[in-house]
Amino acid sequence: MENTKQTPQEKSTLSNILEQIKIVLVIYGIVIIIHMVSIGSKIPDLAKSTVVSFVMVVIAITLKNFVKKPNLPGFAWATLVSFVLTLPISPISDFIVNAMSAYSFGLVGLPLLAFAGIAVGDQLEVFKKLSWKIILTAFVVFIGTFFGSALVAELKYYLIFKRNDLKPYR
């Protein structure tokens, strides 16, 4: 019979993964409640979306804990996993896209931002050291995002309506 004992590092990695999955389960519970209350989503639709999304998150958590190089944060791994699985060449792309249709991703972000705020709350001393620099950076990002979005909207308007001599819906 093979030796199936785990090393202390393997136990630590597995317990770390399980701890992260527990937190993810709480977040998914909050996401489901938000969807049911705010837009009246039905539980069977939400269950399918939640299971598919949860599987992708578990894959990302596992990769984050076992792949040491590159050292990416969890959200980057989740982005990569979901990106690869929904590429048009992926055999499960259509299933994932259809299964995720019950989710409003604006509502999914609410609990994530709340947990991020709680996590940042523990690091107020670091923010005090950043002082005015963080405010300047935030304004530059906000302004860049606003004007970048306006530019994309203008280009889309031009390409669709002006180029084809169409009138917008009004």
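The values are calculated or read from the model by the stated rules, or taken from the named source; none is laboratory data. Computed from a predicted model, the values in this text were never measured in an experiment. Methodologically, a virtual Cβ is constructed for each residue, glycine included, from the backbone with ideal geometry; neighbour enumeration extends over all protein chains shown. Keep in mind that these areas ignore ligands, DNA and RNA; they rest on the heavy atoms of the full protein, side chains included. Shrake-Rupley method; radii C 1.70, N 1.55, O 1.52, S 1.80 Å.
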Gaussian network model of the chain, springs between alpha carbon atoms under 10 Å - residue of Ser149, Ser90, Ser53 with greatest fluctuation
Ser149
Can you flag which of Lys68/Lys128; Lys22/Lys42; Lys22/Lys68; Lys22/Lys128 are past 26 Å Cα-Cα?
Lys68/Lys128; Lys22/Lys128
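Can you give me the % of accessible surface on the chain that is carbon or sulfur? Probe 1.4 Å, all protein chains present, nothing else counted. Mind showing how you got there, number by number?
Working: 9260 of 13190 Å².
C and S fraction of accessible area: 70 percent.
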Angle between the chain longest axis and helix 132-157 axis [Cα atoms, degrees, rounded to 10]
50 degrees
Nearest 10 degrees is fine. How inclined is helix 8-38 to the longest principal axis of the chain, computing both from alpha carbons?
40 degrees
With every protein chain left in place, what is the accessible area per residue of the chain in square angstrom, probe 1.4 Å?
78 Å²
Need one number: the % of Cα-Cα pairs in the stretch 105-152 sitting beyond the 18 Å mark.
56 percent
Gain on full stretching of the segment that runs from Ile43 to Ser104 - 0.36 nm per residue minus C-alpha separation:
20.6 nm
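Quick one: net charge of Ala119's neighbours, Cβ under 15 Å, K/R +1, D/E -1? Please list the in-between numbers first.
Numbers: positive: none; negative: Glu19, Asp122, Glu125.
The answer is -3.
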A student asked for the Cα radius of gyration and Dmax of the chain in angstrom ought to give 21.3, 76
Roughly how many whole Å is it from the C-alpha centroid of the stretch 19-63 to that of the stretch 97-170?
22 Å
